[in-house]
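Read through the structure below, which is laid out as C-alpha cells, and then see the notes.
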Amino acid sequence: MLVTVLTYSVTTVKDPKDIGLANDGAIAGIEYAKTWYDKWPKGMQDTEGAGNLIQTQFQEGKTAAIIDGPWKAQAFKDAKVNYGVATIPTLPNGKNYAAFGGGKAWIIPSSTKNLEGAQKFVDFLVSTDQQSILRCN
C-alpha cells in the first residue's frame, strides 16, 4: 500500500503581530528542516518543479510515502492511487510533529458580533467528521 500523510491543524492567533516564530523552538524546527536538503534527491530541491516531481514519483509508485494535505486526495483518487493516511513519526526530540505551514485558514475577525457562534462554526468546519468528508470526497 502506498501511504501519504494528510494533516490539518488548528491554531488560534491571539496577537496577529506574534505568529509564534520568534522563539527557540521555531528556530530549532527550521534548523532541523534545513537538514532535509542534505538528504533529498536533487529533483526535490528544485523549487520550480519539486511539487510535480513529488506527485509524479508518488503516483508512479516510485515513492512509498509523501507528506501532503487533503487537497491532494481527489488527484490521487483520479489517478487510481492506492493510498492511506498515517501520523507523521515522532521527532528526534520526542515531540509530535506539528505543521508549520499550510494553505487554509478560518479567520474570525475581532469585530465579529457573534464570536461564540462564529467559533462554534469554525470548530464544526475543522472537526474530524468534516475533515473526513473533505478527504473522502
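Does at least one position in region 1-18 carry a residue that is modelled with pLDDT of 80 or more and either exposed (fewer than 11 other Cβ atoms within 10 Å of the Cβ) or not in a loop (DSSP other than H, G, I, E, B) (or both)?
At the first step, the residues of region 1-18 found to be modelled with pLDDT of 80 or more are none.
No.
What is the number of the single condition among (1) at pLDDT 80 or above; (2) touching an Asp or Glu at 6+ places or on another chain (Cβ under 7 Å) that G61 does not meet?
(2)
Find the helices (runs of 4 or more DSSP H) located wholly in region 67-137 whose residues include 1 or more that are at pLDDT 85 or above, and list them.
In region 67-137, 73-78, 115-125 are the helices (runs of 4 or more DSSP H) which contain 1 or more residues that are at pLDDT 85 or above.
Please go through (1) among the basic types (K, R); (2) surrounded by 10 or more Cβ atoms within 10 Å (Cβ to Cβ); (3) over 25 Å from I19 (Cβ atoms) for K95 and return the number of the only condition it doesn't satisfy.
(3)
Restricting to region 19-31, count the residues that are within 16 Å of Y97 (Cα to Cα) and surrounded by 10 or more Cβ atoms within 10 Å (Cβ to Cβ).
8
The values are calculated or read from the model by the stated rules, or taken from the named source; none is laboratory data. None of these values were measured; they are calculated from a predicted model. Cβ coordinates were reconstructed from backbone atoms using ideal geometry, including for glycine residues, and neighbour counts include every protein chain displayed.
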